[in-house]
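To start, the structure itself, in structure tokens.
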Amino acid sequence: NMLELFDYYVKYQKNNPVSGLYIEVENNQLKKALINGNELDKNKTYYIATSDFLAYGGDDMKFFNKGEIIPTGIKLRDLYIDFFKKNPVIKVNQETRLLFKK
């Protein structure tokens with residue numbers, strides 16, 4: 001349930017690395033949550049790529065255990081190594097993805 005992911009960011013306000021999300025929290029309330037620039041579609045199935053650690057509930061992300069886990073057999077380390085071999089110069093994206101206001 002994507003709402004549980006959004007609730008996690010409201011509760012913990014951690015700057016975990018994310019892509020495709022924009023989450024804005026103000027005064028401990030969710031103000032805006034976008035997925036690829038769009039509002040959450042409750043009838044849509046979303047797939048999230050993450051580490052085994054988080055997928056199995058690490059860092060208190062227990063909500064991932066409720067979904068289907070599809071193992072890829074690819075280690076994130078190997079994915080990064082392959083990417084950087086192909087792309088030795090990385091352009092840093094400066095967009096705001098997680099915004100926590102008091």
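Quick notes on this one:
- Residues considered: TYR22, TYR9, TYR47. Of these, the only one that is farther than 11 Å from LEU98 by Cα and of a type in the set (Phe, Trp, Tyr) is TYR47.
- Residue within the stretch 26-39 that is in contact with a helix residue (DSSP H, G or I) (Cβ under 7 Å, 6 or more places away or on another chain), surrounded by fewer than 13 Cβ atoms within 10 Å (Cβ to Cβ), at positive phi and of a type outside the set (Lys, Arg) present: yes
- Residue count for the stretch 5-54 satisfying the condition of being within 20 Å of LYS66 (Cα to Cα) and acidic (Asp, Glu): 3.
- The set of residues from the stretch 64-84 being without any contact (Cβ under 8 Å) to a residue 40 or more places away in the chain and not in a loop (DSSP other than H, G, I, E, B) comprises PHE64, ASN65, LEU76, ARG77, ASP78, LEU79, TYR80, ILE81, ASP82, PHE83, PHE84.
- Filter result (free of Cβ contacts under 8 Å to residues at least 60 places away in the same chain, touching a strand residue (DSSP E or B) at 6+ places or on another chain (Cβ under 7 Å) and aliphatic (A, V, I, L, M)) within the stretch 3-44: VAL10, ALA33, LEU34, ILE35, LEU40
- Within the stretch 79-102, considering residues that are out of contact with any Asp or Glu (no Cβ under 9 Å at 6 or more places or on another chain) and surrounded by 10 or more Cβ atoms within 10 Å (Cβ to Cβ), the one nearest to TYR22 (Cα to Cα): ARG97
- Residue check: ALA49 meets all listed conditions (1) open to solvent by 70 Å² or more (accessible area, probe 1.4 Å); (2) touching an Asp or Glu at 6+ places or on another chain (Cβ under 8 Å) but one, namely (2).
The values are calculated or read from the model by the stated rules, or taken from the named source; none is laboratory data. Nothing here was measured: the structure is a model prediction, and the numbers come from that model. We place every Cβ from the backbone using ideal geometry, glycine too, and count neighbours over all the protein chains shown. Remember, those area values only see protein heavy atoms, side chains included, never the ligands or the DNA or RNA. Shrake-Rupley method; radii C 1.70, N 1.55, O 1.52, S 1.80 Å.
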